[in-house]
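Below is one structure, written out as structure tokens; comments come after it.
The values are calculated or read from the model by the stated rules, or taken from the named source; none is laboratory data. Keep in mind that what you see is a predicted model, and the values were worked out from it rather than measured. As a convention, Cβ positions derive from the backbone with ideal geometry for all residues, glycine included, and neighbour counts pool all protein chains shown.
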Amino acid sequence: MGAGKKAQNSQYRRRSSSLSNSSATTVFGRNLEKNQLGGVVFGCKNNTIRECLSKQLFGLPTQHFSYVKNIEPGLPLFLFNYSDRKLHGIFEAASNGKMSIDPYGWTANGSERTQYPAQVQICVRLQCQPLSEDKFRHAIADNYYNKNLFWFELDHAQTSKLISLLTPTAIVPGSSVPHHMLNLANVSQPPPSYETLRESEQFTVLESDVEQYTHASVISESAENDSTIDEDIQPLDTHLGMPEAKQDEKNLIFLKLKQLSLNSKRQNLSLPDYVNDTAAANNMCPIEKDNSEAPAGLEKKVDPSPSLEYQYDITQLVQEVKELTAFKKMQTERNSYLEQKLKEALSEIQHLRDRCTLLESASNVTTHVEKTLTKSSRELHLDHKDSLFLIGGFDGESWLPSMDMYSTSQNAIKSLKPMSSIRSYASVVQFNGDIYVFGGGNGLVWYDTVESYNPILDNWTLCPALNQKKGSLSGAVLDKKIFAVGGGNGVDCFSDVEMLDLDIGRWITTRSMLEKRFALAAVELNGVLYATGGFDGNDYLNSAERFDPREHSWSKIPSMNTRRGCHSLVVLNEKLYTLGGFDGSAMVPSLEVFDPRLGTWMMGEPMNHPRGYFAAAVIHESIFVIGGVKSGDNIVDTVENYKEGQGWQETCRTSVAKRCFLSAIACGHE
């Protein structure tokens with residue numbers, strides 16, 4: 001398992017999973033919660049689709065089990081054929097998602113274990129014509145992370161869209177279907193291990209059902225009555241209030257049967273008057289008794305060919321009645337499902353309206369929530385001495401390339417020229433008056449690129465690239481050189497340290513840390529580089545180490561009291577302050593202080609909110625923390641301020657602060 005995958009716990013990897021997880025997980029899943037999962041798409045090719053349908057079993061590679069395990073019976077499923085890029089459906093799960101239901105599925109002769117062990121048993125909910133990719137692509141557009149590749153996890157809205165696209169193409173029982181869909185009839189019911197078939201349902205057709213539905217097949221023989229069958233396959237609610245139409249159809253049935261009877265008499269056909277009830281219910285095919293039991297007047301020997309033809313017509317009618325009955329039942333279930341969803345949607349809309357009303361009334365009486373000033377660069381003049389640069393990140397909706405200046409005294413933000421590309425999980429330092437941003441990613445891939453920003457000219461310049469792509473790294477300026485420390489690429493965690501010498505114009509690999517550290521925090525104090533916490537590929541760390549350029553080596557210092565990753569580290573009054581982060585199970589609000597002169601970590605007053613992947617900087621002997629992830633998809637929208645002897649105070653709650661995976665640095669920092 002990749003280190004990056006463990007490094008980004010499920011508590012905070014929703015939309016950021018593509019960077020915070022391993023690269024494989026980036027491709028294979030959105031990591032939706034179980035209650036957010038509305039459906040799943042499975043994959044196949046021309047050489048595997050028949051086995052999927054015949055075995056009533058879908059499968060995916062092991063990496064997909066992270067969400068396949070959330071599948072429960074009844075969940076809508078779809079099958080995407082990579083060979084012709086068409087989507088088949090509508091299926092539903094007949095079992096929970098499990099590993100290796102069939103350990104040898106989709107192999108040549110069962111001689112080796114399957115490559116697709118993340119499996120679920122299935123049945124057909126509604127047999128539909130397959131959709132080409134151009135017809136369903138827009139419904140799951142948010143899932144496409146490449147021109148031809150998309151995530152298989154579907155939320156409820158996407159699932160509803162796909163069902164609405166497929167349903168109009170439903171295949172009426174008895175109509176022609178593509179040759180590769182013929183096997184669907186065999187999987188239209190759940191596997192026996194999940195739904196017991198009752199013998200009476202399997203082998204008995206009630207007389208009333210025959211009377212009600214036989215007209216569909218009889219009338220279909222004439223072109224002028226084709227519309228009647230179309231009516232029979234409409235949703236059940238379209239038949240309410242139509243008793244007269246049903247009576248007319250019944251009359252037509254009896255007329256047709258009478259006409260067939262007259263025709264048979266003209267042809268001197270003879271049929272037995274006695275028909276076995278069980279045979280009529282199962283096959284609707286008359287069974288001749290012994291000659292001794294035949295009614296008087298019937299000859300013992302008759303020409304069987306016209307009788308068989310007539311029997312074949314009746315059998316065909318009964319078969320079509322069965323198919324229409326099943327289809328009508330399916331339509332009833334679908335209508336019930338849609339009605340339930342409509343009720344839930346209306347309830348949710350009313351809930352949101354009530355909440356909006358409550359929030360509007362609360363905003364009229366709440367005075368502590370300050371309104372953020374957002375003005376153009378020409379209108380707004382901020383003091384650099386009490387401001388921060390906020391760089392990139394994620395605001396809950398999109399990944400950002402932005403460069404903003406945030407004033408802590410005015411609670412105002414000023415937009416500056418954005419970076420050349422989206423960037424998050426990056427590190428930032430200030431050197432010779434310029435801001436250097438390096439590493440990170442765009443939500444899909446990691447970067448090795450480096451950019452520098454000139455605050456006077458308000459422009460960006462590309463700089464020499466790192467030696468390898470990495471994110472969740474840390475950086476500092478030491479001895480007039482820029483250091484990039486640790487990080488990872490979603491597969492490996494790094495202990496590597498790179499150094500940018502602007503005189504040489506490239507990054508040079510220097511002495512590595514003692515431990516691998518992904519999502520660490522590092523800072524420079526009194527000419528020494530300190531690195532704390534992070535994730536080593538197996539565990540979150542509480543260890544810390546320091547690098548002294550005079551000794552050109554790393555050495556251990558006392559460990560922190562708490563394991564931390566995705567935390568922040570700042571210098572205040574000649575001491576190190578480590579803030580928040582993830583301890584392996586949850587985000588924490590705790591604070592620890594390290595005094596190099598004493599050589600010990602002391603617990604300090606915790607922040608008001610637990611948070612990780614947030615921004616922290618020191619301005620005027622105060623620590624400011626902005627944004628971050630609190631838990632799950634919950635992005636913190638508060639700014640907190642800490643002063644020694646005064647503790648933490650919540651400065652404001654504002655949309656400006658609602659950002660995570662960002663980088664920040666004080667405008668006056670050097």
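Take the residues of the range 546-571 that are of a type in the set (Val, Ile, Thr) and assigned to a strand (DSSP E or B): which is surrounded by the fewest Cβ atoms within 10 Å (Cβ to Cβ)? Quick ask: steps written out before the conclusion?
Step one: filter the range 546-571 for residues of a type in the set (Val, Ile, Thr), giving 557, 562, 570-571.
Applying the additional criterion that residues be assigned to a strand (DSSP E or B) yields 557, 570-571.
On the way: 557: 19, 570: 19, 571: 15.
Among them, the one singled out is 571.
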Q.
So, residue 126, is that one assigned to a helix (DSSP H, G or I) and crowded, with 19+ Cβ neighbours inside 10 Å or not?
A. no
Q: Enumerate the pairs (first residue in the range 648-662 and closer than 23 Å to residue 399 by Cβ; second residue anywhere and modelled with pLDDT under 90 and buried (at least 19 other Cβ atoms within 10 Å of the Cβ)) with beta-carbon separation below 8 Å, excluding pairs fewer than 6 apart on the same chain, so at least 6 apart or on different chains.
A: 656/413; 660/16; 661/16; 661/19
Q) Could you list, in sequence order, the residues of the range 518-545 that are surrounded by 14 or more Cβ atoms within 10 Å (Cβ to Cβ), touching a residue at least 40 places away in the same chain (Cβ under 8 Å) and not in a strand (DSSP E or B)? A) 519, 520, 533, 534, 536, 537
(Q) Out of everything in the range 318-346 that is of a type in the set (Lys, Arg) and in contact with a Ser or Thr (Cβ under 8 Å, 6 or more places away or on another chain), what residue ends up being farthest from residue 91 (Cα to Cα)? (A) 341
Q. Does residue 564 fit the bill of being at pLDDT 95 or above and either more than 20 Å from residue 515 (Cα to Cα) or among the hydrophobic types (A, V, I, L, M, F, W, C) (or both)?
A. no
**Q.** Sole exception among (1) closer than 30 Å to residue 443 by Cα; (2) modelled with pLDDT of 90 or more; (3) polar (S, T, N, Q) for residue 655, by number
**A.** (2)
Q. Can you tell me which of 342, 373, 346 is at pLDDT 50 or above, among the aliphatic types (A, V, I, L, M) and over 30 Å from residue 171 (Cα atoms)?
A. 346
Q. Which numbered condition trips up residue 606, out of (1) surrounded by fewer than 20 Cβ atoms within 10 Å (Cβ to Cβ); (2) touching an Asp or Glu at 6+ places or on another chain (Cβ under 8 Å)?
A. (2)
Q: Please find, among 644, 574, 640, the residue that is farther than 25 Å from residue 517 by Cβ and surrounded by fewer than 16 Cβ atoms within 10 Å (Cβ to Cβ).
A: 644
Q. Inside the range 397-416, can you point out the residues that are part of a loop (DSSP other than H, G, I, E, B) and either surrounded by 15 or more Cβ atoms within 10 Å (Cβ to Cβ) or not assigned by TED's automatic domain parsing to the domain that holds residue 616 (or both)?
A. 408, 410, 411
Q | Residues of the range 595-630 satisfying the condition of being assigned to a strand (DSSP E or B) and either among the aromatic types (Phe, Trp, Tyr) or not assigned by TED's automatic domain parsing to the domain that holds residue 519 (or both) | A | 601, 624
Q. Among (1) of a type outside the set (Phe, Trp, Tyr); (2) touching a Gly at 6+ places or on another chain (Cβ under 9 Å); (3) at pLDDT 95 or above, which single condition is residue 121 missing?
A. (2)
Q. Considering the range 72-99 alone, what residues qualify as being in contact with a strand residue (DSSP E or B) (Cβ under 7 Å, 6 or more places away or on another chain), farther than 30 Å from residue 338 by Cβ and part of a loop (DSSP other than H, G, I, E, B)?
A. 82
Q. Of all residues in the range 48-88 being charged (D, E, K, R) and over 20 Å from residue 108 (Cα atoms), which is surrounded by the most Cβ atoms within 10 Å (Cβ to Cβ)?
A. 86
